[in-house]
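K.L.:
There's a structure below that I have some questions on.
The values are calculated or read from the model by the stated rules, or taken from the named source; none is laboratory data. Keep in mind that this is a model prediction, so the values were computed, not measured. Positions of Cβ are generated from backbone atoms using ideal geometry, with glycine treated the same way; all protein chains shown enter the neighbour counts. The accessibility values were calculated without ligands, DNA or RNA, using every heavy atom of the protein model including side chains. Shrake-Rupley method; radii C 1.70, N 1.55, O 1.52, S 1.80 Å.
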Amino acid sequence: MNIKNFFNIDDELLALDKEILESLKQRFLEIEDITEYNQLKVLNAFIKNGVSEANMSGSTGYGYDDRGREILERVMADCMGAEDSIMRHNFVSGTHTLTVALFGILRPNDKVLVLTGRPYDTITGVFGIDSKNDGSLSDFGVEYNEVALLPDGTPDIEEIKSRLSKDNYKMAYIQRSRGYSTRPTLVIEDIKKLCDAVKEVSPSTIIMVDNCYGEFVEKLEPCDVGADLCAGSLIKNPGGGIARTGGYIAGRRDLVEKCADRLTCPGVGKEVGATLGMSRELYLGLFQAPHVVGEAVKTAVYTSALFGEMGYEVSPKPFEKRGDIVQCVTLGSAEGLVAFCQGMQSGAPVDAFVVPEPWDMPGYTDPVIMAAGAFTLGASIELSADGPLREPYAAWMQGGLNFHSAKAGVLLAAQKIRNGR
Ligand SMILES: *Cc1c(COP(=O)(O)O)cnc(C)c1O
């Protein structure tokens, strides 16, 4: 066994590893089929748009006539099944990117309907769900509305249609990934059903998708199945582990233009923005993204199978269809959760010597523990895990730049738990 030369993994766990890899052969072929499709989609977009080495040198000052930036944004639009895109290192996070898109489209007295229950934690503050004088959308007079999920965690299509037929909504908002919730992640087929329902009842309502963690997990993207706009973070899937910061918005040309006017200035939009030295890594990251996402999905599926076999509750299950790279493992005890994160950290390429401990993070009610030994601070396309120290003591895990190293991290997490028993 290769791993024995480098890490202390017991024979019983190694036998389980072997058995699980055998059982996942067919599953991995399915993942590789999606990876190949998306890799060829991205390659084709590079070729079609005539990407050249000269596009990667970068501009300074205002960034006028930056051909490299313009071509990158056309490539990204093609990858996302969209008419146009903005892809910039200037976006500071996924939340910032989504904020620019929301403020770009929505105006005072507009109404938003969220179709997928309560959004991701940081986005609730952008909508201003329960706040006043804070610069949130509600502070600017945008009305927030939400359709609760059904008890099984899926969207309530009948209720969505009924709400859309009774009132005039400027935007319908969909969150693809589960984030840190226990609801299932939407697969593209689910997003298509939601888009069809919105178009049927209210064709002029703009459909926007929070695409974080979803890019390149399936063959199609939200704009391929009816979404008007989608957005995400470059330190997740579409940055391929190479982009050190940034975000993208892709969709209908008129909507992307509005978002660009919000990112820079009205009337100026996409025409400015110095790329400095960043273009090369955004190109390279996007090119690598389908492969890296495939490795992350394999890591998630492997983790699901391994911890499932060890008797833990896992979601999604190894053979379930996936719409994102997130894997939830319920460890059932504080010791288990802490051991999982500490074991995983010990197998990280960066900061492996650090021992993570639970801490009272501002804004959270319970202490949180995190494992992240990444080249890019906070990059969750790199192997990472975290969870709050409360029932049911679940860890949310994602990423892995390559399956071989990520699998070592996962095995070390499993070994640490076994050692503590
Ligand atoms: C990561 C994420 C975001 C954005 O988070 P940032 O940390 O600001 O990049 C938004 N929505 C979902 C579902 C996410 O997973």
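K.L.:
Just to verify a result, which residue in region 166-197, among those that are of a type in the set (Phe, Trp, Tyr) and within 15 Å of the ligand (Cβ to nearest atom), is modelled with the lowest pLDDT? Spell out the reasoning first.
P.N.:
So the first thing to find is which residues in region 166-197 are of a type in the set (Phe, Trp, Tyr), and the list is 169, 173, 180.
From what's left, within 15 Å of the ligand (Cβ to nearest atom): 173, 180.
Values: Tyr173: 98, Tyr180: 80.
The extreme case among them is Tyr180.
K.L.:
Report, by residue number, each residue of region 17-35 that is surrounded by 13 or more Cβ atoms within 10 Å (Cβ to Cβ) and of a type in the set (A, V, I, L, M, F, W, C).
P.N.:
Result: Ile20, Leu21, Leu24, Phe28, Ile31, Ile34.
K.L.:
Next question. Restricting attention to region 1-54, which residues are among the aromatic types (Phe, Trp, Tyr) and under 27 Å from Gln288 (Cα atoms)? Please lay out each step first, then the result.
P.N.:
Filtering region 1-54 for residues among the aromatic types (Phe, Trp, Tyr) gives 6-7, 28, 37, 46.
Scanning region 1-54 gives Phe28, Tyr37, Phe46.
K.L.:
How about region 243-293: which of its residues are among the small types (Gly, Ala, Ser) and either open to solvent by 40 Å² or more (accessible area, probe 1.4 Å) or on the phi > 0 side of the Ramachandran plot (or both)?
P.N.:
So in region 243-293, the residues among the small types (Gly, Ala, Ser) come out as 243, 246-247, 250-251, 260, 267, 269, 273-274, 277, 279, 285, 289.
Answer for region 243-293, where residues must be among the small types (Gly, Ala, Ser) and either open to solvent by 40 Å² or more (accessible area, probe 1.4 Å) or on the phi > 0 side of the Ramachandran plot (or both): Gly246, Gly251, Gly267, Gly269, Gly273, Gly277.
K.L.:
In region 219-242, which residues are open to solvent by 10 Å² or more (accessible area, probe 1.4 Å) and on the phi > 0 side of the Ramachandran plot?
P.N.:
Gly226, Gly241
K.L.:
Sticking with this structure for a sec: Only one residue in Ala385, Ala352 is without any contact (Cβ under 8 Å) to a residue 60 or more places away in the chain and in a strand (DSSP E or B), so which one is that?
P.N.:
Numbers: Ala352 fails: in a strand (DSSP E or B).
Only one candidate passes the filter, namely Ala385.
K.L.:
When residues of region 339-398 are filtered for being among the polar types (S, T, N, Q) and open to solvent by 20 Å² or more (accessible area, probe 1.4 Å), how many remain? I'd like the intermediate steps shown before the answer.
P.N.:
Of all residues in region 339-398, those among the polar types (S, T, N, Q) come to 342, 345-346, 365, 376, 380, 384, 398.
Narrowing the set further to residues that are open to solvent by 20 Å² or more (accessible area, probe 1.4 Å) leaves 342, 346, 365.
The qualifying residues number 3.
K.L.:
For region 378-387, which positions are of a type outside the set (Ser, Thr, Tyr) and at pLDDT 95 or above? Don't jump to the end; show me each part of the working.
P.N.:
In the first step, residues of region 378-387 are kept if they are of a type outside the set (Ser, Thr, Tyr); the result is 378-379, 381-383, 385-387.
Those that are of a type outside the set (Ser, Thr, Tyr) and at pLDDT 95 or above: Ala379, Ile381, Glu382, Leu383, Ala385.
K.L.:
With the checklist (1) more than 30 Å from Ile123 (Cα to Cα); (2) not in a loop (DSSP other than H, G, I, E, B) in hand, flag the one item Ile369 doesn't pass.
P.N.:
So the condition that Ile369 fails would be (1).
K.L.:
What residue, among those in region 219-240 that are of a type in the set (A, V, I, L, M) and under 13 Å from the mean Cα position of the chain (by Cα), is nearest to Asp196 (Cα to Cα)? Give the derivation first.
P.N.:
Initial filter on region 219-240 (of a type in the set (A, V, I, L, M)): 220, 225, 227, 229, 231, 234-235.
Next, from what is left, pick out any that are under 13 Å from the mean Cα position of the chain (by Cα): 231, 234-235.
Working: Ala231: 20, Leu234: 28, Ile235: 31 Å.
Of everything passing the filter in region 219-240, Ala231 is nearest to Asp196 (Cα to Cα).
K.L.:
Can I ask one more? Residues that are of a type in the set (Val, Ile, Thr), surrounded by fewer than 21 Cβ atoms within 10 Å (Cβ to Cβ) and assigned to a loop (DSSP other than H, G, I, E, B): does region 148-171 have at least one?
P.N.:
The answer is yes, given that some residue of region 148-171 is of a type in the set (Val, Ile, Thr), surrounded by fewer than 21 Cβ atoms within 10 Å (Cβ to Cβ) and assigned to a loop (DSSP other than H, G, I, E, B).
K.L.:
Now, a different point. Residue check, Glu22 against (1) within 16 Å of the ligand (Cβ to nearest atom); (2) at pLDDT 95 or above, all met but one. Which one?
P.N.:
(1)
K.L.:
Taking the stated definitions as given, is Gly273 more than 27 Å from Gly226 (Cβ to Cβ) and modelled with pLDDT of 95 or more? Full working, then the answer.
P.N.:
Working: more than 27 Å from Gly226 (Cβ to Cβ): yes; modelled with pLDDT of 95 or more: yes.
Answer is yes for this residue.
K.L.:
Also, I was wondering about something else. Has region 312-321 got any residue that is within 16 Å of the ligand (Cβ to nearest atom), closer than 25 Å to Gly214 by Cα, of a type outside the set (Asp, Glu) and surrounded by fewer than 24 Cβ atoms within 10 Å (Cβ to Cβ)? Spell out how you get there, then give the answer.
P.N.:
To start, the set of residues in region 312-321 that are within 16 Å of the ligand (Cβ to nearest atom) comprises 315-316.
With the extra rule that they be closer than 25 Å to Gly214 by Cα, the set shrinks to 315-316.
Pick out the ones that are also of a type outside the set (Asp, Glu) and you get 315-316.
Pick out the ones that are also surrounded by fewer than 24 Cβ atoms within 10 Å (Cβ to Cβ) and you get 315-316.
For region 312-321, residues within 16 Å of the ligand (Cβ to nearest atom), closer than 25 Å to Gly214 by Cα, of a type outside the set (Asp, Glu) and surrounded by fewer than 24 Cβ atoms within 10 Å (Cβ to Cβ): present.
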